1. Which shape class, rounded, prolate or oblate, goes with region 407-494 when its Cα gyration tensor gives a ≥ b ≥ c as root eigenvalues, a/c under 1.5 marks rounded, and past that a/b bigger than b/c marks prolate?
2. Hey, which aspartates and glutamates would be in cross-link range of Lys427, C-alpha to C-alpha under 18 Å, not counting anything within fewer than 8 residues on its own chain?
3. With +1 assigned to the C-beta of every Lys and Arg and -1 to the C-beta of every Asp and Glu, and no other charges, what is the dipole magnitude of region 267-451 about the Cα centre in debye, to the nearest 20?
4. Given the DSSP H assignment, sum -39500 (n - 2.57) over each helix run of at least 4 residues in the chain and divide by its residue total; what's the result at 222 nm in deg cm²/dmol, nearest 500?
5. Projecting each Cα onto the charge dipole of the chain (Lys/Arg +1, Asp/Glu -1 at the beta carbon, about the Cα centre), which of Ser379, Gln545, Ile483 comes out farthest on the positive side?
6. Could you point to the residue in Ser151, Ser339, Met39 farthest towards the positive end of the chain's charge dipole, with +1 and -1 charges on the Cβ of Lys/Arg and Asp/Glu respectively?
7. Residue by residue, what Karplus-based ³J(HN,Hα) values in Hz, rounded to whole numbers, does region 157-165 have, using 6.51, -1.76 and 1.60 with θ = phi - 60° and x for Gly and Pro?
8. Once you keep just the Cα pairs under 8 angstrom separated by 6 or more residues, what percentage relative contact order results for region 410-476?
Amino acid sequence: MNFQAYVSLWAACFVGGLLVLYTIYSAKEAVDYMPQCPMVEPYRPSTYLANSQVIDTILHDHEFRNQSLVKLQNAIRIKTETHDDDPATVEDDPEYWSKFDIFESYLRSTFPLFYQNTELHKVNHHGLVYIWRGTNTTLKPLLLMGHQDTSPVPESTLPLWTYPPFEAHYNGTHLFGRGSSDCKNLVIGYFEAAEELMKTGFIPRRTVVFSFGFDEEVSGVRNRNAQWLEQKFGSKSMYAICDEGGVSLTTLDGTTMAVPGTGEKGFLNLWIDLKTPGGHSSVPPDHTSLGVMADLMVKIENDPFPSYFTPQNPTYYQYVCLAENSATIDKELKKNILSSQASPLSNKKVREYIESSRWLKYYIKTSQALDVIHGGSKSNALPEFVQLTINSRVAIEESIHSALEKYLRNVKNVAQKYDFGLSYQLKNEPAVEIFPPTPQGDFLVHTDEYFDVAPLTPINDNHWKIFAGNIKHVYEELIWPDIYQGPNAHNPIIVSPGIAPGNTDTKYYWNLSDHIYRYRPGEYTSVETSAHGVNEWIKFDSHLQIIVFYFQYIQSVDEIDD
Ligand SMILES: [Zn+2]
């Protein structure tokens with residue numbers, strides 16, 4: 001063998017060896033990687049074909065559309081705004097809250113068939129609980145939720161609205177108005193879906209309960225519906241709970257996704273009080289309490305909460321579903337998502353990617369917003385009292401206590417620097433002293449407004465298969481069969497679990513079911529509809545989709561014995 005032949009043979013062996021290694025490696029990778037996206041098949045009730053006429057009417061009939069439009073328009077026209085400074089209880093100012101009587105009588109006159117077939121219980125005056133009794137009392141009821149109130153329209157924003165917020169203007173495709181997407185559309189949609197079922201002669205085996213609060217937009221502190229239901233039906237007595245929230249439909253990297261919320265972040269309002277001795281402004285200390293508080297504020301903002309990318313957070317599955325199914329996702333990102341749990345470097349890269357967007361980063365970390373500051377009273381007097389209010393939405397991987405610890409770390413740092421006292425106090429608990437009071441001043445960190453991260457809804461069970469499967473059935477088979485059926489069908493819709501950065505009334509309902517789905521059918525992501533903002537809108541087709549979805553979902557869960 002001459003030298004050249006030897007080199008060629010050696011090179012061939014080397015390349016061949018590499019190929020073999022590569023093949024083994026890729027095969028191993030293919031074998032090792034188990035898909036994690038909780039994919040489901042479309043799920044339809046057995047009555048699907050028998051009811052095709054009704055479904056067709058809901059989605060495509062002109063007259064139905066017009067009647068449905070008027071029902072939602074008139075609901076928007078009844079002002080049911082709630083405000084942060086609303087009377088603490090209904091008894092404090094019954095007149096103020098009477099707008100919910102008007103709303104309820106509107107429901108009564110608009111949906112007579114619904115009222116004939118259900119029992120209405122008014123809880124704490126304006127909480128509405130309707131019970132549509134099923135014939136089989138051994139089956140756990142399905143609970144459908146929403147809220148009657150809307151976020152307020154501040155006077156100052158009125159000129160910015162293209163159409164007045166309570167006019168409910170319809171332009172032929174879109175409906176504009178406060179509550180059109182958050183969430184009178186959902187509430188009215190439930191009524192319409194149930195009435196369409198009632199018209200077909202449907203009598204449920206499984207009881208359906210409807211529960212509508214009246215102060216969700218101001219934390220729902222007056223909502224007693226959940227306690228009432230727990231007393232009447234018992235804890236964990238509901239088959240599943242559906243409420244607003246989640247991402248209705250969105251397209252990411254060429255993949256259409258629906259993202260029902262199967263988790264919810266925690267909530268914390270924290271107050272930091274600082275008391276210092278007063279005195280004349282002509283002889284101030286180097287740092288007044290305002291200056292010290294400013295120092296603390298800078299420290300807090302420069303010490304953000306960490307981010308996480310773990311399967312504990314449903315957001316993880318959203319990215320995994322995308323990585324497993326998108327044909328156009330960046331290859332490097334895909335690789336990092338799929339190896340994020342084995343490789344700390346990949347995990348870091350995915351977090352960096354998500355954190356590069358302000359709109360996405362808080363899906364994976366606790367937020368901290370310094371929202372209110374009070375302090376000082378006179379230009380010639382030293383400020384004796386300063387108070388800072390911070391709002392945090394707590395990451396799935398954290399807790400109220402871990403969030404509090406991080407803030408205490410910041411305050412300790414500043415208290416030591418200026419030789420101040422420090423204590424903290426949680427709702428209904430005695431104050432805990434960290435540093436004793438000093439003549440210079442004292443910090444008190446306290447909160448009575450918080451709730452922990454919500455328990456996660458399971459995503460690998462029959463409940464999920466039916467809920468997520470109905471979304472696919474409704475969109476792929478009923479709404480867009482031309483796109484998703486046949487030989488040239490588009491890639492299927494991915495239904496992925498997820499979380500919403502905000503909160504819903506479901507926080508009071510954890511004891512009633514392990515299966516909570518926060519999702520509103522519709523052709524939009526949740527942010528696009530300007531809920532809480534100027535020119536809130538929905539595409540009216542989205543409203544009809546709510547009706548069809550619940551028409552099918554109620555029947556689907558009625559047929560099973562889980
Ligand atoms: Zn809402």
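Every number here is computed from the coordinates shown, using simple stated rules; none is lab data. Everything numeric here is computed off the predicted structure, so don't read it as measured data. Backbone-built Cβ (ideal geometry, glycine too); neighbour counts: all protein chains shown.
1. The shape class here is prolate.
2. Within the straight-line limit of under 18 Å, Lys427 reaches these aspartates and glutamates: Asp273, Glu405, Asp448, Glu449, Asp452.
3. Charge dipole of region 267-451: 640 debye, to the nearest 20.
4. -11500 deg cm²/dmol
5. Result: Ile483, furthest along the dipole toward the positive end.
6. Result: Ser339, furthest along the dipole toward the positive end.
7. 8, 3, x, 7, 6, 5, 10, x, x
8. 25 percent
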